[in-house]
1. Tell me, what is the percent relative contact order of the range 49-193, built from C-alpha pairs under 8 Å that lie six or more residues apart?
2. If one puts a single equal scatterer on every Cα of the chain and applies the Debye formula without solvent, what log₁₀ I(q)/I(0) results at q = 0.07, 0.08, 0.16 Å⁻¹?
3. Taking just the alpha-carbon atoms of the range 91-133, what radius of gyration and Dmax come out, in angstrom?
4. Once phi is turned into θ = phi - 60°, what whole-Hz ³J(HN,Hα) does the Karplus curve with 6.51, -1.76 and 1.60 give for every residue of the range 56-69, x standing for Gly and Pro?
5. Measure off 7 Å from each Cα along the Cα-to-Cβ vector at residue 268 and residue 88, then give the distance between these two points in nanometres to one decimal.
6. Among rounded, prolate and oblate, which fits the range 137-254 when a ≥ b ≥ c are the square roots of the eigenvalues of its C-alpha gyration tensor, a/c under 1.5 means rounded, and a/b larger than b/c means prolate?
7. So what's the net charge close to residue 210: Lys and Arg +1, Asp and Glu -1, counting the other residues with Cβ under 13 Å from its Cβ?
8. Taking amide H positions as placed in the peptide plane 1.01 Å from N, state which residues far from residue 19 in sequence (5 or more) or on other chains have amide H under 5 Å from it.
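Any read-out appearing in this document is the output of simple, stated calculations on the displayed coordinates, not a laboratory observation. As the structure is a computational prediction, the values presented were derived from the model and not from experiment. Don't worry about glycine lacking a Cβ; one is built from the backbone with ideal geometry, like all the others, and counts go over all protein chains shown.
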Amino acid sequence: MTETTDPRPGNGPGSGLDVVVAPEVAAALADRRPVVALESTIFSHLGLPAPHNREALTRCLGAVTGGGGVPALTAVLDGRATVGVAPADHERICGPARKAAARDLPVAVAQRWSFGATTVSASLRLAAAAGIGVFATGGIGGVHRGAERTGDVSADLDALARHPVVAVSAGAKVFLDLARTLEYLETASVPVLGWRCDEFPAFHARSSGLPVPHRVESAAEVAAVARAHWALGGGGLLVVAPVPEAEALPLAEVEAASEEAIRQAEESGAAGNAVTPAVLAGMVQLTSGRVIAANLALAEHNAQVATAIAQEL
Ligand code: PSU
Ligand code: MN
């Protein structure tokens, strides 16, 4: 394990946080081979019900290795901020977790949490600290519906703006306010690139009706935009790839399930970081699990797209 231990802010890749980078990830980075970071919340019980979370993990790891890349799964394990979780620990990743967003990372480390499941915001921070330029997830967090009342805006958006990493997602779930999420990304100067699509994908559904600001056709094109962004001092980029056609659900159906899942989550009193896991679980229940096949397929596809981009960078 390679540890970065310089405690001074702004010095060393960890910028003050010890980051444990797995040997195969460190070796791939040193040899400039493609590396793709993955978050762990989606694979924990917070993201998908068992045994589908385990299948999602296997398929995402396989998509990266199958494309000639090295996966770097992020998590906090026994208080260690980890980039590249060893196979022996994969079982833990699929178990109970405490959600670790960017704000929680230092607490998870200092209080030595057994398993902190890193969200997109925490994973982007760890990926950047380790020098990884490409990341894949299922869907990012965003501006929640009713944010004008609750102020609930996912830290994923701020992390996208901040860290120089290309993130690949299937857009975001329709339980969010997708129009406001796009507005926020524009304000934060995050390039949003539609992967062979003209509309912002709505996670389970291939489109939301909202135009994506820019369209790209290839990994080489994404890499060229990323290089130009970074040369100009930019932070992250968001590549949005629609769920594969065979597993896609109709927008109207996920809209209806979303509205009911939000209502139930509010009724149960879910607030703060408990909102997203509660709505995710509600959608699985309300659709009798039919959202799961779409979720698995899109996560795997995003990992494939991310690996192709990492090959070009
Ligand atoms: N959306 C999904 N599945 C998920 C998440 C979001 O479709 O598993 C997880 C991701 O880890 C994301 C986090 O980073 O939820 C966002 O949580 P919040 O809305 O509390 O920021
Ligand atoms: Mn929130």
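1. 18 percent
2. Debye curve over Cα of the chain, log10 I(q)/I(0) at q = 0.07, 0.08, 0.16 Å⁻¹: -0.23, -0.30, -1.38.
3. Rg then Dmax for the range 91-133, in Å: 10.5, 29.
4. My calculation for the range 56-69 gives 4, 4, 4, 5, 5, 4, x, 5, 6, 5, x, x, x, x Hz in order.
5. With each label point 7 Å from Cα toward Cβ, the separation is 3.6 nm.
6. Here the range 137-254 falls in the oblate category.
7. Values: positive: 180, 206; negative: 177, 183, 186, 198, 199.
Neighbour charge sum, excluding residue 210 itself: -3.
8. 4
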